[in-house]
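Data block below; observations after.
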Amino acid sequence: MNSFLKIFLASLAALFLFTVIMFFITMGFVSGLTAQKKETTGEKAVLVLDLSQTFSEVKKENPLAGFGGGDQYSLPSLYETVRLIRYAKTDSSVKGIYIKAGGNGNGFGASDELRNVLLDFKSSGKFIYAYADVITQNAYHVANVADKIYCNPKGGLDWHGMSMQMVYLKGTLEKLEIEPQIFFAGKFKSATEPFREEKMTDANRLQSTVILNDLYGHFLQQASNTRKIDTATLHQYANENSVRYAQNALDLKLVDGLKYDDEVKDEIKERLKVSKYDKINFITAGKYAAAVDYKSTGEKKIAVIYAEGDIVDGKGDQENIGGDTYRNLVRKARLDTEVKAIVIRVNSGGGSAMASENIWREIKMAREDKPVVVSFGDVAASGGYYMSCNADSIFAQPNTITGSIGVFSLLPNMQNFFKNKLGMTFDGVKTSPDADQLSVAKPLTPAQRQYFQNDVDTIYHTFKQRVADGRKKSLEFVDSIGQGRIWSGTRALELGLVDRLGGLDDAIECAAKLARISGYGLKEFPEARSLFERIFGDYQQNAKQSAIREELGASGIKTYNTLKRAKALVGVTQTRLPFEFTIE
């Protein structure tokens, strides 16, 4: 028996060792296969910009890039795409850009970044064509910079104006006998409205109307600049529903022609001076990134830290801003002697007040050693503004959503739901009166309610003080523009919440000037993950998301994510934007 056991254990150990060795050999083989070979642009290339793709602040790596079939290349990040278009401006191999305008997966700020770099590209004299069967309104905001913008004769252009919508859950909670115990500071802090109201409060309707008109006005002005039609006329088209068919869009000079896909491609071939039987050398942004060296280099570095998603306590993950993770990233850049300045790109509606405070603290420390500049993306509000307010300089796009200086906390009382709907009751023991104050199975006592409200008021005061110190404003002024109110980037500039209008490029240039350096390179964070991390680190999360999406569909996954966010709010003091709203 002992002999058998020894042989069995030895065989098991050998099998384990063999498995480990083969695993690393396989990973090395896969790594070699997936290492993207140096691509070539080819002659008479046309760079393709598909607006339906979402260009995130952080590059989403494709772990199977290089295997062939499907999309072989990782989709570049937003700023990588901006740099690629700028590089293409002087690349003799690239003759023009083709914009797919059937949709826009990007927010207002990101769309402006793309639009502005396309306008710069256009100054080279190279062509830009834009096409879709039906051009959506948000895609038109970017696509109207094109020399020629076409839609399908049986398609059209979506031109309906903008609307903002919020979902309200008060009636649902009442039916379920769930009491939302809500504590907030700031009359405009509409994040809790879905739980306590059936429709917009007057304060929220005011701020929503103002910011929607700001966003729409910017959209009309940009369209007016390129199409040479005054904004009042463009507004009238939407009010009167004048653009119902493709011919209407052409008659009103919103597009340059009605063509089918093959006709557009033939026109591009003529522009390229190639035979109609030749294939156009279309090159995706991912392939172009693998073909050219578009990133700046230099001994002195500027650190660029991309912070995108909800702000959460702890490490977080690839989809959010973990307080511990980003505090360490700022610290790493601060202590790096090669780094002469730090730029932080913020695209966040906020989240945990504690995590926001910790990141704010690290930015304050960094600013004592080197310049710190912040660039706002689509959204930089509430906790996103909190963490940023002490920077040397803040940049925003005109249509960035920012501000929302306010605080709230939420703890549902589900006692009646459990008892009357499910037949469940709870009982237990405790060592002190408030040991179970975070329980959702009972209502808060009056003293506990006062504790929660005091906590919210204290954090709101701290938030205002951080802004007042960072922006060099009085506490009273900050309170007057705070109260949870959101602002457009244009109004934030007027109020002194930001310093300049501009994109990430402008912020990096400002940081270089403050640091008195030139010929610099960039150190970008978070750093690219290893192949192992990309494949196995995301496997569980991707598998879970795929299963939920398959079961619930596109609309169902949105509801699921909304409920998931609601769960994360419970018992955590939040500096966050309104709970859920859409602008269309």
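The values are calculated or read from the model by the stated rules, or taken from the named source; none is laboratory data. Fair warning: this is a prediction, and the values are worked out from it, not measured in the lab. We place every Cβ from the backbone using ideal geometry, glycine too, and count neighbours over all the protein chains shown.
How about the stretch 197-237: which of its residues are hydrophobic (A, V, I, L, M, F, W, C), within 29 Å of the chain's Cα centre (by Cα) and surrounded by fewer than 16 Cβ atoms within 10 Å (Cβ to Cβ)?
Those that are hydrophobic (A, V, I, L, M, F, W, C), within 29 Å of the chain's Cα centre (by Cα) and surrounded by fewer than 16 Cβ atoms within 10 Å (Cβ to Cβ): Leu206, Val210.
Filter the stretch 520-532 down to residues that are assigned to a loop (DSSP other than H, G, I, E, B) and at pLDDT 90 or above and give me whichever is farthest from Val304 (Cα to Cα).
This residue is Tyr520.
Which ones in the stretch 402-447 are out of contact with any Leu (no Cβ under 9 Å at 6 or more places or on another chain) and not in a loop (DSSP other than H, G, I, E, B)?
If the condition is that a residue be out of contact with any Leu (no Cβ under 9 Å at 6 or more places or on another chain) and not in a loop (DSSP other than H, G, I, E, B), then Val407, Gln415, Phe418, Lys419, Asn420, Leu422, Pro446, Ala447 are the ones that fit.
Would a scan of the stretch 186-206 turn up a residue that is more than 30 Å from Val456 (Cβ to Cβ) and among the basic types (Lys, Arg)?
Within the stretch 186-206, none of the residues are more than 30 Å from Val456 (Cβ to Cβ) and among the basic types (Lys, Arg).
Out of all the residues in the stretch 163-178, is one or more modelled with pLDDT of 95 or more and not in a loop (DSSP other than H, G, I, E, B)?
Scanning the stretch 163-178 turns up no residue that is modelled with pLDDT of 95 or more and not in a loop (DSSP other than H, G, I, E, B).
Before we move on, is Ser439 hydroxyl-bearing (Ser, Thr, Tyr), at pLDDT below 95 and either surrounded by fewer than 15 Cβ atoms within 10 Å (Cβ to Cβ) or within 30 Å of Gly496 (Cα to Cα) (or both)?
For Ser439, the condition - hydroxyl-bearing (Ser, Thr, Tyr), at pLDDT below 95 and either surrounded by fewer than 15 Cβ atoms within 10 Å (Cβ to Cβ) or within 30 Å of Gly496 (Cα to Cα) (or both) - is not met.
Taking the stretch 293-315, which residues are at pLDDT 95 or above and over 19 Å from the mean Cα position of the chain (by Cα)?
Answer for the stretch 293-315, where residues must be at pLDDT 95 or above and over 19 Å from the mean Cα position of the chain (by Cα): Lys301, Ile302, Ala303.
Considering each of Lys315, Lys300 in turn, give the residue that is closer than 30 Å to Ala391 by Cβ, surrounded by fewer than 21 Cβ atoms within 10 Å (Cβ to Cβ) and touching a residue at least 60 places away in the same chain (Cβ under 8 Å).
Testing whether each residue is closer than 30 Å to Ala391 by Cβ, surrounded by fewer than 21 Cβ atoms within 10 Å (Cβ to Cβ) and touching a residue at least 60 places away in the same chain (Cβ under 8 Å) leaves just Lys300.
Collect the residues in the stretch 327-348 that are buried (at least 24 other Cβ atoms within 10 Å of the Cβ) and in contact (Cβ under 8 Å) with a residue 60 or more places away in the chain, keeping them in residue-number order.
Across the stretch 327-348, the qualifying residues are Ala333, Ala341, Ile342, Val343, Arg345, Asn347.
Among the residues of the stretch 390-432, write down those that are β-branched (Val, Ile, Thr) and surrounded by fewer than 24 Cβ atoms within 10 Å (Cβ to Cβ).
If the condition is that a residue be β-branched (Val, Ile, Thr) and surrounded by fewer than 24 Cβ atoms within 10 Å (Cβ to Cβ), then Thr425, Val429, Thr431 are the ones that fit.
Residues are listed down the side, and each one gets a yes or a no for (1) within 30 Å of Phe418 (Cα to Cα); (2) aliphatic (A, V, I, L, M):
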position: Val117; (1), (2): no, yes
position: Phe121; (1), (2): no, no
position: Phe127; (1), (2): no, no
position: Ala130; (1), (2): no, yes
position: Asn144; (1), (2): no, no
position: Cys151; (1), (2): no, no
position: Tyr168; (1), (2): yes, no
position: Thr172; (1), (2): yes, no
position: Lys175; (1), (2): yes, no
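Select, from Met365, Met387, the only residue that is in the same structural domain as Gly503 (by TED's automatic domain parsing), surrounded by fewer than 20 Cβ atoms within 10 Å (Cβ to Cβ) and more than 20 Å from Glu509 (Cα to Cα).
Met365
Of the numbered conditions (1) in contact with a strand residue (DSSP E or B) (Cβ under 7 Å, 6 or more places away or on another chain); (2) in a loop (DSSP other than H, G, I, E, B); (3) buried (at least 20 other Cβ atoms within 10 Å of the Cβ); (4) not β-branched (Val, Ile, Thr), Asp378 satisfies every one except a single condition; which is it?
(2)
Does any residue of the stretch 162-177 turn out to be buried (at least 18 other Cβ atoms within 10 Å of the Cβ) and among the polar types (S, T, N, Q)?
Scanning the stretch 162-177 turns up no residue that is buried (at least 18 other Cβ atoms within 10 Å of the Cβ) and among the polar types (S, T, N, Q).
Answer yes or no: is there a residue in the stretch 275-290 that is free of Cβ contacts under 8 Å to residues at least 60 places away in the same chain and in contact with an Asp or Glu (Cβ under 9 Å, 6 or more places away or on another chain).
Yes, the stretch 275-290 contains a residue that is free of Cβ contacts under 8 Å to residues at least 60 places away in the same chain and in contact with an Asp or Glu (Cβ under 9 Å, 6 or more places away or on another chain).
Looking at the structure I just gave you, is Tyr277 closer than 30 Å to Lys154 by Cα, aromatic (Phe, Trp, Tyr) and buried (at least 19 other Cβ atoms within 10 Å of the Cβ)?
For Tyr277, the condition - closer than 30 Å to Lys154 by Cα, aromatic (Phe, Trp, Tyr) and buried (at least 19 other Cβ atoms within 10 Å of the Cβ) - is not met.
Quick check on my filter: what residues within the stretch 448-480 are in a helix (DSSP H, G or I) and hydroxyl-bearing (Ser, Thr, Tyr)?
Within the stretch 448-480, Tyr451, Thr458, Tyr460, Thr462, Ser480 meet the criteria.
Might you let me know whether the stretch 247-265 holds any residue that is under 30 Å from Ile85 (Cβ atoms) and outside the structural domain of Val145 (by TED's automatic domain parsing)?
No, that holds for no residue.
Can you pull out every residue in the stretch 481-514 that is crowded, with 24+ Cβ neighbours inside 10 Å, of a type in the set (A, V, I, L, M) and assigned to a strand (DSSP E or B)?
If the condition is that a residue be crowded, with 24+ Cβ neighbours inside 10 Å, of a type in the set (A, V, I, L, M) and assigned to a strand (DSSP E or B), then Ile486 is the only one that fits.
Looking at (1) modelled with pLDDT under 95; (2) within 23 Å of the chain's Cα centre (by Cα), which one does Cys389 not meet, given that it meets all the others?
(1)
Picking from Asn399, Asn390, which residue would you name as being among the polar types (S, T, N, Q) and farther than 17 Å from Leu501 by Cβ?
Asn390
Based on this model, can you work out whether Ser123 counts as polar (S, T, N, Q) and closer than 20 Å to Arg86 by Cα?
The answer is yes for Ser123.
Quick one: is Ala238 without any contact (Cβ under 8 Å) to a residue 12 or more places away in the chain and under 18 Å from Met162 (Cα atoms)?
Criteria not met by Ala238.
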